[in-house]
Amino acid sequence: MTLLHLAWKSFLNRKGTLLMMLLSISMSVVLLLGVDIIRQQAKEGFSSTVSSTDLIVGARSGQINLLLYSVFHIGNATNNIRWKSYEAISKDASVKWSIPLSLGDSHLGFRVLGTSSAYFQHYRYGAKQRLSFSQGQAFDGLFDVVIGSEVAKQLGYRLGSSVIIAHGMGNASLMKHDDKPFKVVGILQATGTPVDKTLIVSLAAIEAIHVDWKSGVQLPGSKVTPEQVLNMDLEPKQITAFMLGLNSRLSTFHLQRKINQYRNEPLMAILPGLALQELWGMFSFVEKALFAISALVVVSGVLGLLALLLSSLHERRREMAILRSVGARPIHILTLLILESLLVTVLSVALGVGVLYLVMLYAGTLIQDQFGVRLVIQSLSLWQWQLIAMVVAAGALAGLVPGYRAYRYSLADGMSIKL
């Protein structure tokens, strides 16, 4: 009878307590690998919040600031861009498409984005995925609004719901464009990006709600009705930023330098991929903290296994003595206990990996809808296999301590136990 067979028989003999420890370690493995997979895929998703966009252009400021307000809708621009400047740059021979962005208004804490139909045609996120509608369609009328999935979920909006846009940001703004209500005509599918928390209207609509406003205040005695607005020239005078897609990536740096040296007004063009990597680097301590927490959970599971083996060792001293009496050497006893610990750890890892993939398979959509993290089922990376190897090695080391103690027991010590 081999030592491995003996270890398996010992496991079955004490399956109740060891099963609880197996579940504990397997959940630790799920947490360790799950945190690493979520961290890795969140980083990939973050880095591709906007994809297939070659340049983002805004008023001259910092690279991170421009990225935050144009893509993540956080903060405000230092200045706006003249519409004529946008048109001139968009007509450059190297530009394939452009998306104008106008920010500054909100609805119950959610940002309102003014843009053109090009936003739905050319904006990409993730693995070059297009925006798609769960209900309705893109805006067509002047007072149509398309809302993100999170806006619809939190506010309970459906197609046809009425929306009142407020001037500026804030949940309780008193400066509302309540004389020009909007109607929801489309609800976007969840993307896991800031688009989910955005209300999207046309640039003409942004102009329409501000025709009788000046410096953030509605002009007294000059109220313009929605019907009157329809007959007005609603070409924007300025926008907040714009995105560019180029005919060739080779012209990216040439056009970036050209925009940064634009003489008509101070502008800045950034490469979104580089800016996203720089921004993620600022939050690297968060992923380190998450990994440290999950590693501590695994350590606590292994220590629990060690405590269980040590506590059961006293009860098994007669068993060890009997094994010695039939010819087992001290090294055999040491190996047996290490194998038992290793067996529990390996089974725990296998169970943990299985549970993790089941969660990713059946709860992936729910996790994306609730937390904005898209989980893609793929094979474990080299680093994750290394993590598993470290867990297995820790389990084997946990069996070394009780194994060494059993190694030190003498045959007479085991036989003299009083029952």
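None of the figures in this text is laboratory data; all of them are computed from the coordinates on show. On a predicted model such as this, the values are computed, not experimentally measured, just so you know. Positions of Cβ are generated from backbone atoms using ideal geometry, with glycine treated the same way; all protein chains shown enter the neighbour counts.
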Would you mind ranking PHE46, PHE143 so that the residue whose beta carbon has the fewest other beta carbons within 10 Å leads the list?
-> PHE46, PHE143
For segment 46-108 versus segment 242-275, the gap between their alpha-carbon centres in whole angstrom = 11 Å
List THR335, THR191, THR225 from most exposed to least, where exposure is judged by having the fewest other Cβ atoms within 10 Å.
-> THR225, THR335, THR191
Got a sec? How would LEU113, LEU358 order by Cβ neighbour count within 10 Å, fewest to most?
-> LEU358, LEU113
Once both label points are put 7 Å beyond Cα along the C-beta direction, the SER47-ALA363 separation in nm becomes 2.7 nm
Contact order relative to length for segment 55-270, counting C-alpha pairs under 8 Å separated by 6 or more residues, stands in percent at 32 percent
Hey, quick one: spin label on GLN228, modelled 7 Å out along Cα-Cβ, who in segment 189-210 has an amide N within reach, i.e. under 15 Å?
-> 208-210
Candidate aspartates and glutamates for bridging to LYS176, where Cα separation is under 18 Å - those fewer than 8 sequence places away on the same chain excluded | ASP105, ASP144, GLU207, ASP212
If the cut-off is 15 Å between C-alpha atoms, which aspartates and glutamates fall inside it for LYS128, apart from same-chain ones fewer than 8 positions away?
-> GLU44, ASP54
Cβ under 12 Å from LEU159's Cβ, LEU159 left aside: what net charge do those residues give with Lys, Arg +1 and Asp, Glu -1?
-> +1
For LYS153, which aspartates and glutamates qualify as cross-link partners when the Cα separation must be under 13 Å and same-chain residues fewer than eight apart are set aside?
-> ASP196, ASP369
Full extension between ILE377 and SER300 adds, at 0.36 nm per residue less the Cα distance, a length in nm of 24.9 nm
Too long for a 29 Å Cα-Cα cut-off, among LYS237/LYS258; LYS84/LYS180; LYS43/LYS183, are LYS43/LYS183
Subtracting the Cα-Cα distance from 0.36 nm times the residue separation, let me have the gained length for MET20 to ARG263 in nm, one decimal.
-> 80.4 nm
For segment 55-270, what ratio Rg/Rh do Cα atoms give with a Kirkwood hydrodynamic radius?
-> 0.96
